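Read through the structure below, which is laid out as structure tokens, and then see the notes.
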Ligand code: ATR
């Protein structure tokens with residue numbers, strides 16, 4: 001297969017809006033995916049400042065972009081400029097993917113569902129009926145909690161340093177989860193760990209450069225658990241290393257990045273995303 005393609009007057013346009021945006025792996029990943037599938041398209045990173053967001057969104061219509069990803073800090077603000085918001089994005093309260101259907105812009109959130117798809121595909125776990133312990137209740141947790149609920153888990157427990165945020169998050173997804181609880185004192189948390197099938201870190205503890213921090217210290221983690229971390233820098237956090245040493249199946253955060261993009265690719269093109277090649281190109285870029 002040829003490794004380059006030429007752009008022409010039929011090239012379909014895509015992009016990502018962020019501030020900052022130069023660190024984004026999405027252009028590499030998405031352009032490689034288009035190439036792999038023989039789709040005549042180009043995906044470009046746009047540094048959009050908050051004051052320029054409205055105009056940038058209007059340019060999607062004006063210039064006929066088929067789709068755009070939205071990243072920090074625009075995921076919430078962008079919603080007011082769209083024509084429709086998908087149910088999941090509405091509940092999560094943030095949009096990371098925009099689809100342009102002949103000028104009608106619809107916002108989706110593929111972060112959480114991307115995460116859940118990567119967890120299932122990469123570990124082989126079937127989430128239906130499983131019990132999940134989520135550590136953290138920040139921005140990233142919302143989509144993940146929603147996607148777990150949608151995947152049919154039987155219980156989600158949210159443990160967070162600031163308990164009010166865990167309570168708020170739990171109540172916002174309660175209608176979708178069969179059961180949502182809040183991790184409280186240590187004794188209760190121990191019981192929840194023992195009963196959990198999946199333990200996932202959604203906090204920033206352990207993220208580069210604070211690689212020695214742990215979101216949870218527990219002797220109770222064992223080979224009955226799938227332990228997952230949303231962090232992908234480092235690729236394998238200390239939390240995951242320790243869980244693996246205890247026999248748990250581990251799952252890192254890189255898949256979330258790949259599969260959130262895979263969903264966008266599929267919404268835009270109707271073509272199954274070439275996830276293996278997308279992963280390869282992202283992994284390679286992290287090594288550079
Ligand atoms: P993101 O959008 O990446 O999820 P965030 O919204 O700032 O970031 O959320 C960070 C999460 O990490 C929160 O759950 C936060 O706990 P609080 O809600 O109590 O702030 C958690 N977190 C960050 N630093 C922490 C620390 N030192 N100890 C415990 N939890 C921490």
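Any read-out appearing in this document is the output of simple, stated calculations on the displayed coordinates, not a laboratory observation. Predicted model, so just to flag it, every value in this text is computed and none were measured. Glycine gets a Cβ as well: all are built from the backbone with ideal geometry, and neighbour counts include every protein chain shown.
Miscellaneous remarks
- Prolate/oblate/rounded call for the chain, Cα gyration tensor, a/c under 1.5 rounded: prolate
- Cα shape, segment 143-288, gyration tensor, a/c 1.5 rule: oblate
- Helix axis angle, 163-173 relative to the chain longest principal axis, alpha carbon, degrees: 60 degrees
- Degrees between helix 275-287 axis and first principal axis of the chain (Cα, 0 to 90, nearest 10): 80 degrees
- The three principal axes of the Cα atoms in segment 44-171 give end-to-end lengths of 46, 32, 23 Å, sorted in falling order.
- Residue order, fewest to most surrounding Cβ atoms within 10 angstrom, among 55, 190: 55, 190
- Gaussian network model of the chain, Cα within-10 Å springs - most flexible of 235, 246, 22: 22
- Counting only DSSP beta bridges whose two residues both lie in segment 30-180, roughly 50 percent are antiparallel.
- Rounded tilt (10° steps) of 53-63 against the dominant C-alpha axis of the chain: 50 degrees
- Expressed to the nearest 5 percent, the antiparallel share of DSSP beta bridges inside the chain is 20 percent.
- Over the residues of the chain, the helix contribution to mean residue ellipticity at 222 nm works out to -11500 deg cm²/dmol, using -39500 (n - 2.57) for each DSSP H run of at least 4.
- Three-way shape call for segment 72-113 based on the alpha-carbon gyration tensor, with the a/c threshold at 1.5: prolate
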